[in-house]
Amino acid sequence: MKHYDEEFFNKMLDDEITAEEKELFFVHIKECTACREQYRLFQSAHTLLLSLTEITAPEEINNLVLKKIMKPAAKKKNEKRFFITVLSGLTVMLLAIFGIVAKFGGTEPKGGNGLFDNLGNFKFDTSILNKILSPFSSISKLISPDSVLLVTLLLSSILVFFLIERTKKN
Amino acid sequence: MIKTNNLENKNSVSETPQRTRTLSGRKPDDLEVIRSVREGNTSDFSILMDRYKNKAFSLILRMLKNRMDAEEVLQDCFVKAWKNLDSFKGDSQFATWFYRIVYNTTLTKLTGKKRETEKEMLSIGEDVDIRDEHADTSAATLERNRLLGALIAMLTPNQAAVVNLFYLDGLSCEEIAGILDTNVGNVKTLLHRSRATLKNLIQKKNLHEELR
């Protein structure tokens, strides 16, 4: 008489056996005590495993983990805040310099009103800027009004971008 | 076979309106919680911890067979999950992704502990108590838990992982294969061997009638 093996019993438990095979098996175990006994043992093992329960984790686990992850999170946030503050400060400073130069710069009057001359062109003189930067005369020679304007606009755009990003995150 | 899939639809994206600052007081799905944590609400991570800590602890303890180590590894797993949350794309369920972290971290711990510890554990296998101290304490349940504790102690870490994920978490062999980074055939072999080990234990101790 051919006996069934462990692989078959496992397939029975996982319901991977066809109806015909099952029928043949049940006919077989009516006669075969060894297979019947083995199948019952596998069934008991399976039933026992189905009663597997969760093991309760220690209650303090949440606090311990949160303590560990909150520190880097706060540090990261502070670094970001510091970066934004420095950037804002720099931009405001540059804007102020640009404003002062544009408003009061120049020893020779060009006419016109406020920031514009008679022809409607933007009035910009680097004399004050040159005075401020006189210790760095070689650098000041490289700086043209256009480049100051460009850098200021660029930094303002970066500042606005970061402020928008920060607002979105909060 | 009778097996429930506890993880079904856990990651379904719900069309909820814009959230308030935290998710407390509601029952959000995993993806909503993850989104909130990514937005900076770190404390919302405890929702995920509450959801998975018992299941993860069961898996770790059954693999490691040492409560102190299991507690340490559980903490590591959650910290790792938090650190790598940005790499979770949502392609798979959060549970599967997290169990992969749990399984790999536990394996690393086992490797670190070296073979001596494993041998020591196997030698005292049947005395290792990894039952749930908060579980039902009726005589029949105690006997079942004692038997299960003895069985799990006799299993290899991989067998214990498969048994836990299959019977406790209700995962399919395919899902388990993904977590263990192996093929379905291997998972089935591990599962069948675990059953055979328990069957032999029942036979050896003549517990067949008691368990009926």
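Laboratory data are not the source of any read-out in this text; all were calculated from the coordinates shown. Quick caveat: nothing in here was measured; it's all calculated off a predicted structure. Backbone-built Cβ (ideal geometry, glycine too); neighbour counts: all protein chains shown.
Within a 10 angstrom radius of each residue's Cβ in B:160-170, how many Cβ atoms of other chains show up on average? Whole number is fine.
Mean shielding by partner chains, rounded to a whole number: 2.
With r as the distance between the Cβ atoms of A:Lys80 and B:Thr108 and R0 = 30 Å, compute the FRET efficiency 1/(1 + (r/R0)^6) and round to 0.05.
Working: r = 32 Å, r/R0 = 1.07.
About 0.40, to the nearest 0.05.
Once R0 is set to 30 Å, what does the formula 1/(1 + (r/R0)^6) return for the Cβ-Cβ distance between B:Met68 and A:Lys71, expressed as a FRET efficiency to the nearest 0.05?
0.80
Other chains near B:48-59: what is the mean number of their Cβ atoms within 10 Å of each residue's Cβ? The partial results should precede the final answer.
On the way: counts 0, 6, 3, 0, 1, 8, 6, 3, 4, 6, 6, 2.
Taking the mean over all residues of the peptide, I get 4.
Wrap a convex hull around the Cα atoms of the range B:30-204, take a quarter of its surface area, and give that in square nanometres. Please list the in-between numbers first.
On the way: hull surface 43.2 nm².
Reported value for the Cα convex hull: 10.8 nm².
First measure r as the distance between the Cβ atoms of B:Lys83 and A:Lys22, then evaluate 1/(1 + (r/R0)^6) with R0 = 51 Å and state the FRET efficiency to the nearest 0.05.
The pair B:Lys83/A:Lys22 has a calculated efficiency of 0.55.
Averaged over B:32-40, how many beta carbons belonging to a partner chain fall within 10 Å of each residue's beta carbon? Mind showing how you got there, number by number?
Details: counts 0, 0, 0, 0, 0, 2, 1, 3, 5.
Mean partner-chain Cβ count within 10 Å for B:32-40: 1.
Is the range A:6-50 rounded, prolate or oblate when judged by the Cα gyration tensor, a ≥ b ≥ c being the square roots of its eigenvalues, rounded requiring a/c under 1.5 and prolate requiring a/b larger than b/c?
oblate
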